[in-house]
Structures are given as C-alpha cells and as structure tokens.
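The values are calculated or read from the model by the stated rules, or taken from the named source; none is laboratory data. Just so you know, these numbers come straight off a predicted model, no measurement behind them. Here the Cβ is made from the backbone with ideal geometry for all residues, glycine too, and neighbour counts use every protein chain on show. Accessible surface is based on the protein model in full, side chains and every heavy atom, while ligands, DNA and RNA are left aside. Shrake-Rupley method; radii C 1.70, N 1.55, O 1.52, S 1.80 Å.
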Amino acid sequence: MADIQVLQQACEQLNQEIETLSQSMETLHAARMRFNNTKSSLAQLKELDEGQEALIPLTASMYVPGNIATTEKVLVDVGTGYYVEHAPKDASAYCDRKISFLEEQMKNLSDVIDAKKAQLDDAGMQLQQKRAQAEQQQ
C-alpha cells in the first residue's frame, strides 16, 4: 500500500511540474509574440514620413496619437526600465536575436515537458499495476 501512495504522490508532483512548465511555455510564447509585433511596427515605420501623424504603440493593445519626429532612430526596451536608441534596422536585428533565443528556450522547455509527460505515463502505468496486484491479493 505504501508503494501506491508513493506513486500517487509522484504522479501529483509530476502533474504540478508539467503545469508550471506549461505556464512558462505560455509566457515565452507571449514574449515571442511581443517581439514579432515590435518587428511589425518597425516595418510599418519605414512607410511613414517625418512629421506625419501616427498611432504610436505603447503596448499590444494601447496606442497614442503622435507625430513622427524621425524615422532614423527608435528606442528599444532592453528590460528593467532601460531603453537604447537604435536605427530601425538594428532594432529589427535585436528583435530577431531575441526571437531566436526565445524559440531555443521554447524548444528546450518543450523537451523537458515531453520528458515529464513520459515519466508521468510510466508512473501511471506502475500505479495501475500496483493497484491490480493489491486487488488480486485481497
């Protein structure tokens, strides 16, 4: 009976780990989408002229009206409240590097999730076998 309880706890722990890792995957996916949106905004910037009115994206869903001061420079959020001035081409390259990094992390995380799911399947099969053995002994 103790083996059954240990296997049940292992299954519960694996389920929790898979859930946490899946949430991390969703976070990485959302970050990748933000960088893709930024690249799209940078591409649209090329079509605008200096002094032209435009809606400036603050977030994925919030825009403010403004005038384009220059299309030669953009501010890039590099994290923790720091911004770096780049040419749009360099900002796009920065986004590409971040997207590549995020995709690599997503691949690694996907491999870990698959391994945890395989462990959960194994533990589940062992649990079923132990329960069947316990029922036969009764």
Can you run down the residue pairs with Cβ atoms below 6 Å, 6 or more apart or on separate chains, where the first is in the stretch 76-98 and open to solvent by less than 80 Å² (accessible area, probe 1.4 Å) and the partner is in a helix (DSSP H, G or I) and small (Gly, Ala, Ser)?
-> Val76/Ala91
In the stretch 41-51, which residues are open to solvent by 60 Å² or more (accessible area, probe 1.4 Å) and not in a helix (DSSP H, G or I)?
-> Lys46, Glu47, Asp49, Glu50
Starting from the stretch 35-53, take each residue that is under 14 Å from Lys98 (Cβ atoms) and of a type in the set (Lys, Arg) and list its partners that are open to solvent by less than 60 Å² (accessible area, probe 1.4 Å) and in a helix (DSSP H, G or I), counting only C-beta distances under 7 angstrom and pairs at least six apart or across chains.
-> Lys39/Ser92; Lys39/Cys95
Within the stretch 60-75, is there a residue that is open to solvent by less than 100 Å² (accessible area, probe 1.4 Å) and of a type in the set (D, E, K, R)?
-> no
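Under 26 Å from Ala30 (Cα atoms), basic (Lys, Arg), free of Cβ contacts under 8 Å to residues at least 12 places away in the same chain and in a helix (DSSP H, G or I), is that true of Lys117? Don't jump to the end; show me each part of the working.
Working: under 26 Å from Ala30 (Cα atoms): yes; basic (Lys, Arg): yes; free of Cβ contacts under 8 Å to residues at least 12 places away in the same chain: no; in a helix (DSSP H, G or I): yes.
Criteria not met by Lys117.
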Which one is least open to solvent (accessible area, probe 1.4 Å), of the residues in the stretch 1-40 that are closer than 23 Å to Tyr94 by Cβ and β-branched (Val, Ile, Thr)?
-> Thr38
Candidates Glu26, Glu17, Glu103 - the one that is free of Cβ contacts under 8 Å to residues at least 60 places away in the same chain and charged (D, E, K, R) | Glu26
